[in-house]
1. Scanning segment 1-18 for residues that are in contact with a strand residue (DSSP E or B) (Cβ under 6 Å, 6 or more places away or on another chain) and modelled with pLDDT of 60 or more, which turns out least open to solvent (accessible area, probe 1.4 Å)?
2. Could you list all residues from segment 111-129 that are in a loop (DSSP other than H, G, I, E, B) and of a type outside the set (A, V, I, L, M)?
3. Out of Val66, Val139, Val134, Val50, which single residue is among the β-branched types (Val, Ile, Thr), modelled with pLDDT of 95 or more and open to solvent by less than 40 Å² (accessible area, probe 1.4 Å)?
4. Before we move on, is Ser72 open to solvent by 60 Å² or more (accessible area, probe 1.4 Å) and either of a type outside the set (Ser, Thr, Tyr) or within 25 Å of Arg153 (Cβ to Cβ) (or both)?
5. Got a sec? Which of Arg149, Arg153 is over 24 Å from Arg45 (Cα atoms), basic (Lys, Arg) and either open to solvent by 60 Å² or more (accessible area, probe 1.4 Å) or touching a residue at least 12 places away in the same chain (Cβ under 8 Å) (or both)?
6. Given the conditions (1) outside any helix (DSSP H, G or I); (2) closer than 22 Å to Glu143 by Cβ; (3) in contact (Cβ under 8 Å) with a residue 24 or more places away in the chain, report the number of the one that Pro59 does not fulfil.
7. Does Phe73 satisfy the condition of being of a type in the set (Phe, Trp, Tyr), under 17 Å from Asp150 (Cα atoms), over 16 Å from the mean Cα position of the chain (by Cα) and at pLDDT 90 or above?
8. Could you tell me which residue of segment 38-78 is farthest from Gly109 (Cα to Cα), considering only residues that are among the small types (Gly, Ala, Ser) and touching a Lys or Arg at 6+ places or on another chain (Cβ under 7 Å)?
Amino acid sequence: MSVLSHEPDGGARVPGPLDPSRLARVLAGAGVRVRPAPDGALVGRWDGVVVRVTVGEGPPAVLNVVGLLPKSFPSSARPRLREAVEERHRSHPWPTCFLTELPGEGPDGGILLGGACALGTGAGVTDAQVLRHVRASVVSFQEAFAELRDALR
């Protein structure tokens, strides 16, 4: 199910505090399928991106959305990818893109491309704003990942 095609069913229209249980209710109310990770994060795969959504402890709470491109790159591509990420960040501050080692592959194994977006919720947030941030994050990941893949060609 696409996180990009669902609207919240009612929900909070007045800004209020965000916590992990409210985040889970908002996503579920919009038909977004997620599963809880052992650390309390909500994870799913939306529109080709592996997504992890958390609410950082506050006050104020921060809504964090992290995406990973599920395709790994060989470690030999790291210098070119790093250069492409740095170049992209000169004109596009969001999402914050990063490279990480593929779990279990070691330093000579593959690398993954990721992105992160954060939203401070100090004044409170509505359900629609939560979904808008998650949607915008996923779209920004897709755009960034496509640009960075193209830079390797």
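1. Here is the first cut: in segment 1-18, the residues in contact with a strand residue (DSSP E or B) (Cβ under 6 Å, 6 or more places away or on another chain) are 3, 15, 18.
After this cut, where a residue has to be modelled with pLDDT of 60 or more as well, the list is 15, 18.
Details: Pro15: 74, Leu18: 13 Å².
The extreme case among them is Leu18.
2. To start, the set of residues in segment 111-129 that are in a loop (DSSP other than H, G, I, E, B) comprises 121-124, 126.
Thr121, Gly122, Gly124, Thr126 - these are the residues of segment 111-129 that are in a loop (DSSP other than H, G, I, E, B) and of a type outside the set (A, V, I, L, M).
3. Details: Val66 fails: open to solvent by less than 40 Å² (accessible area, probe 1.4 Å); Val139 fails: open to solvent by less than 40 Å² (accessible area, probe 1.4 Å); Val50 fails: open to solvent by less than 40 Å² (accessible area, probe 1.4 Å).
That would be Val134, the only listed residue that is among the β-branched types (Val, Ile, Thr), modelled with pLDDT of 95 or more and open to solvent by less than 40 Å² (accessible area, probe 1.4 Å).
4. Working: open to solvent by 60 Å² or more (accessible area, probe 1.4 Å): no; either of a type outside the set (Ser, Thr, Tyr) or within 25 Å of Arg153 (Cβ to Cβ) (or both): yes.
Criteria not met by Ser72.
5. On the way: Arg149 fails: over 24 Å from Arg45 (Cα atoms).
Only one candidate qualifies: Arg153.
6. (2)
7. Numbers: of a type in the set (Phe, Trp, Tyr): yes; under 17 Å from Asp150 (Cα atoms): yes; over 16 Å from the mean Cα position of the chain (by Cα): yes; at pLDDT 90 or above: yes.
Yes: the conditions hold for Phe73.
8. Here is the first cut: in segment 38-78, the ones among the small types (Gly, Ala, Ser) are 40-41, 44, 48, 56, 58, 61, 67, 72, 75-77.
Applying the additional criterion that residues be touching a Lys or Arg at 6+ places or on another chain (Cβ under 7 Å) yields 41, 44.
Values: Ala41: 26, Gly44: 25 Å.
Taking the candidates together, the pick is Ala41.
The values are calculated or read from the model by the stated rules, or taken from the named source; none is laboratory data. All of these numbers come straight from a predicted model, not from anything done at the bench. Ideal geometry is used to build each Cβ from the backbone, glycine not excepted, and the neighbour counts take in all protein chains shown. With ligands, DNA and RNA removed, areas are computed over all heavy atoms of the protein, side chains included. Shrake-Rupley method; radii C 1.70, N 1.55, O 1.52, S 1.80 Å.
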